[in-house]
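Here the structure comes first, spelled out in structure tokens, and everything after it is commentary.
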Amino acid sequence: MSITISVVMPTYNRRETLAEVLPSLAEQNYPSDSYELLLCDSGSTDGTEELLEQLAIPNLRYLVGENRGRAGARNRGIQAATGEVILFTDADIIADQNLLAEHARIHEAESNVAIVGCEVQVNSLQEYHSVVGDPERRRHMHRRPRRELQWYFYLTGNASARRQTLIDVGAFDENFIGYGHEDIELGYRLKKHGVPILYNPRAVNYHWHPVPFDEKCSKMEMAGRSTVRFWRKHRDPMIRLRLGVNPATMLLHRLFPAGSAGLRHCERRAQQSPFCAELVLQHHYLNGVKAALAEGEQEAKKATAGS
């Protein structure tokens, strides 16, 4: 008997990508009566519901609710799921035909683990079609093979865990309402709960989401704020260290302040130089970290003054 799987996917105005993503999940090399697709919509207005009517996927359930961010949408899916295992993915990620079978294979062999699969980055449908049959051309998120991963690799574009375990650890923290870290914070709690996070490179999907550089910069600032929220919740110094907030990075941020000649040079070169791009992105990330830390200090002073 196959293990039952609920695929939980948050979405908001992603009809274009869903037209490719949902058929890939409907055509899995896994018994159709052993899995369900839960599309957790935060109020799309782009014709997503009409697309679902056209696709008419029998084992798809459409869950519409208020916009509580990606964490809230995924929690809605966890609560509604009927499967023993929850597989998380996103509305812009195309599944390999063996994705579910590969997650199920490990869960059938291991009593209580979390699994992260191989997420391949593609910038277009054309690139997807060119690499799907050519593993050597794939741009992998995890390049070094390893059996067990740390919590900061629990990225929910391709990750699974048993439903009851997710409920036991409290599911996603819906206070992470901006971009970033609601998934790895859950990974942190899974590890603290004694759940190993295993990597299965054979569980493949393709992340089709080219992001303009200015949008990447904005997301990095939000991620910096989320890092502070994460650290304040658990007060574990390893969180800051693992997420790149340490004396060396803070010094680098001071050496390349906003408007400096060095930073402006890197901004001009970001499209041609990976080093410059990374320096600019880290600058924005630490902007978010510093802003969140400063706001926290101000709130603490107000609380002290009012007591």
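The values are calculated or read from the model by the stated rules, or taken from the named source; none is laboratory data. Keep in mind that what you see is a predicted model, and the values were worked out from it rather than measured. We place every Cβ from the backbone using ideal geometry, glycine too, and count neighbours over all the protein chains shown.
What the table below lists for this structure:
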item: Conditions (1) more than 30 Å from residue 133 (Cβ to Cβ); (2) exposed (fewer than 12 other Cβ atoms within 10 Å of the Cβ); (3) β-branched (Val, Ile, Thr): number failed by residue 211; result: (1)
item: Residues within the stretch 230-271 that are under 19 Å from residue 178 (Cβ atoms) and aromatic (Phe, Trp, Tyr), tallied; result: 2
item: Tally of residues being assigned to a helix (DSSP H, G or I) and either touching a Cys at 6+ places or on another chain (Cβ under 6 Å) or modelled with pLDDT of 95 or more (or both) across the stretch 21-48; result: 7
item: Extreme residue, nearest to residue 156 (Cα to Cα), among residues of the stretch 82-91 that are part of a loop (DSSP other than H, G, I, E, B) and not polar (S, T, N, Q); result: 90
item: Top-ranked residue of the stretch 214-241 - restricted to ones that are among the acidic types (Asp, Glu) and more than 18 Å from residue 150 (Cα to Cα), ranked as surrounded by the most Cβ atoms within 10 Å (Cβ to Cβ); result: 221
item: Verdict on residue 5 being under 28 Å from residue 195 (Cα atoms), out of contact with any Lys or Arg (no Cβ under 8 Å at 6 or more places or on another chain), surrounded by 15 or more Cβ atoms within 10 Å (Cβ to Cβ) and of a type in the set (A, V, I, L, M, F, W, C); result: yes
item: Residue within the stretch 58-81 that is in contact with a strand residue (DSSP E or B) (Cβ under 9 Å, 6 or more places away or on another chain), assigned by TED's automatic domain parsing to the domain that holds residue 177, assigned to a loop (DSSP other than H, G, I, E, B) and under 18 Å from residue 114 (Cα atoms) present; result: yes
item: Filtered residue count, the stretch 262-306, keeping only those that are in a helix (DSSP H, G or I) and either touching a strand residue (DSSP E or B) at 6+ places or on another chain (Cβ under 6 Å) or hydroxyl-bearing (Ser, Thr, Tyr) (or both); result: 2
item: Residues that are touching a helix residue (DSSP H, G or I) at 6+ places or on another chain (Cβ under 8 Å) and either surrounded by fewer than 21 Cβ atoms within 10 Å (Cβ to Cβ) or small (Gly, Ala, Ser) (or both), drawn from the stretch 69-81; result: 69, 71, 78, 81
item: Residue check for residue 171: surrounded by 17 or more Cβ atoms within 10 Å (Cβ to Cβ) and of a type in the set (Gly, Ala, Ser); result: yes
item: Number of the condition not met by residue 254 [criteria: (1) of a type outside the set (A, V, I, L, M); (2) surrounded by fewer than 17 Cβ atoms within 10 Å (Cβ to Cβ); (3) at pLDDT 85 or above]; result: (3)
item: Selection from the stretch 111-134 of residues that are without any contact (Cβ under 8 Å) to a residue 12 or more places away in the chain and buried (at least 18 other Cβ atoms within 10 Å of the Cβ); result: 127
item: Test set (1) surrounded by 13 or more Cβ atoms within 10 Å (Cβ to Cβ); (2) assigned to a helix (DSSP H, G or I) - residue 244 fails condition number; result: (2)
item: All positions within the stretch 203-224 that are in contact with a Lys or Arg (Cβ under 9 Å, 6 or more places away or on another chain), closer than 24 Å to residue 17 by Cβ and modelled with pLDDT of 90 or more; result: 203, 204, 206
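Here is a yes/no grid of residues against (1) touching a Pro at 6+ places or on another chain (Cβ under 9 Å); (2) outside the structural domain of residue 29 (by TED's automatic domain parsing); (3) without any contact (Cβ under 8 Å) to a residue 40 or more places away in the chain:
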residue: 198; (1), (2), (3): no, no, no
residue: 221; (1), (2), (3): no, yes, no
residue: 242; (1), (2), (3): no, yes, no
residue: 247; (1), (2), (3): no, yes, yes
residue: 263; (1), (2), (3): yes, yes, yes
residue: 275; (1), (2), (3): no, yes, yes
residue: 288; (1), (2), (3): no, yes, no
residue: 299; (1), (2), (3): no, yes, yes
